[in-house]
1. Please report the antiparallel percentage of DSSP beta bridges with both residues in the stretch 34-217, rounded to the nearest 5.
2. Put a dot 7 Å past each Cα toward the Cβ at GLU57 and GLU180; how far apart are the dots in nm?
3. How many nm is it between the label spots at LYS142 and ASN32, if each spot is 7 Å from the Cα in line with the beta carbon?
4. Can you work out ³J(HN,Hα) from phi for every residue in the stretch 170-187, in order, using Karplus 6.51 cos²θ - 1.76 cosθ + 1.60 and θ = phi - 60°, giving whole Hz and x for Gly and Pro?
5. Read phi for every residue in the stretch 149-164 and hand back ³J(HN,Hα) as whole Hz from Karplus 6.51 cos²θ - 1.76 cosθ + 1.60, θ = phi - 60°, with x for Gly and Pro.
6. Is there a pair in LYS31/LYS147; LYS27/LYS147; LYS31/LYS154; LYS87/LYS112; LYS87/LYS142; LYS112/LYS154 whose C-alpha atoms are over 18 Å apart, and which pairs would that be?
7. Show the residues, 5+ positions off or on another chain, whose built amide H is closer than 5 Å to the amide H of GLU163.
8. Relative contact order for the stretch 34-217: what is it in percent, counting Cα pairs under 8 Å that are at least 6 residues apart?
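Bear in mind that the values in this text are calculations on the coordinates, not laboratory data. No experiment lies behind these values; they were computed from the predicted model shown. In this analysis, Cβ positions are derived from the backbone assuming ideal geometry, glycine residues included, and neighbour counts consider all displayed protein chains.
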Amino acid sequence: MLRRVSFAFFVISIIVHSVCYAVQPYKVLLKNGEILTLEMVEDAKTDVGPDVRLGLEAFEGAFRGASVSELETHFGSDRDIRGYYQKLIDEDDVVPFQKGEMIWIRAFLNHKLVAWMTLRTEFRGPHIVYVSTLVVDPDYQKLGIGKRLIASIKAHWFPESEEFDLVVRRINYDALSFYERLGFLPAPDIRSDYVGDPTRCMFMRLAGPNLQNLNPSHGQNERALLAKPGVEARQDFASL
Ligand SMILES: CC(C)(COP(=O)(O)OP(=O)(O)OC[C@H]1O[C@@H](n2cnc3c(N)ncnc32)[C@H](O)[C@@H]1OP(=O)(O)O)[C@@H](O)C(=O)NCCC(=O)NCCS
């Protein structure tokens with residue numbers, strides 16, 4: 001009996017530990033030496049208004065490479081990118097987050113919100129994570145923040161994940177280059193009725209060796225991170 005109770009206690013403590021671990025902030029070192037802190041927003045009542053505004057800024061700058069006719073095809077004759085994404089982020093991210101159906105991860109540099117992403121787990125099957133939205137403040141792009149957010153999914157939030165799926169707009173040439181650089185591949189086999197018109201959007205998938213290669217030097221810069229003032233040994237580390 002005692003053995004059974006202690007076994008049950010052991011199992012419960014493992015579960016509690018893994019749940020607590022999963023929501024611990026995660027720190028990563030950027031190439032410029034700054035520490036990026038990633039945090040999961042745990043309270044569904046949290047005001048994500050600042051995140052949405054940051055996202056709108058990012059999307060407004062995302063279609064620099066698109067022609068006027070492409071913009072009209074995708075966003076209507078008034079080319080209202082901001083209005084389009086205001087509605088989309090609200091419907092696809094904010095409302096599901098408030099219902100507890102979406103995971104919201106924020107990224108901070110020196111306590112300033114610089115990026116965020118939203119995730120659904122168990123998308124289409126076990127261990128498949130769907131990246132709903134990923135945005136980096138335009139003033140902080142090309143520093144490796146987007147890559148570290150994606151890499152953190154397996155390195156920290158969902159270590160069991162085996163595949164990341166996402167949808168990207170075909171005229172979002174910057175995002176397409178970014179996802180290709182990370183190893184995402186077009187995945188036309190994924191059903192696209194989820195996102196509407198497949199001529200405008202495409203599914204991409206990161207899996208297998210490309211996913212493993214996303215965190216090639218996990219812990220390699222641990223010493224460098226530990227040398228930073230205010231960083232404690234107990235914290236989790238990663239570098240790319
Ligand atoms: C797409 C986005 C998330 C990329 O974030 P980011 O922090 O600037 O990207 P990173 O600095 O992490 O780049 C990672 C790699 O991709 C490459 N990359 C990033 N943007 C690129 C671009 N426009 N063209 C070519 N390569 C690019 C980087 O050079 C880097 O390569 P490296 O690892 O060899 O150095 C960001 O530009 C953004 O927020 N865009 C607007 C919103 C959006 O379109 N989101 C995606 C759709 S949901």
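1. Values: 27 of 31 bridges.
Rounded to the nearest five, the antiparallel share is 85 percent.
2. 2.9 nm
3. Output for this residue pair reads 1.1 nm.
4. 5, 9, 8, 4, 5, 5, 4, 4, 4, 5, 5, 4, 7, x, 5, 10, x, 10
5. Along the stretch 149-164, the couplings run 4, 4, 5, 5, 4, 7, 5, 9, 6, 9, x, 7, 5, 10, 7, 10 Hz.
6. Numbers: LYS31/LYS147 12 Å; LYS27/LYS147 14 Å; LYS31/LYS154 20 Å; LYS87/LYS112 25 Å; LYS87/LYS142 27 Å; LYS112/LYS154 24 Å.
Over 18 Å Cα-Cα: LYS31/LYS154; LYS87/LYS112; LYS87/LYS142; LYS112/LYS154.
7. Here the answer is VAL129, since their amide H atoms fall under 5 Å of that of GLU163.
8. Working: 265 pairs, mean separation 38.0, N = 184.
Relative contact order here is 21 percent.
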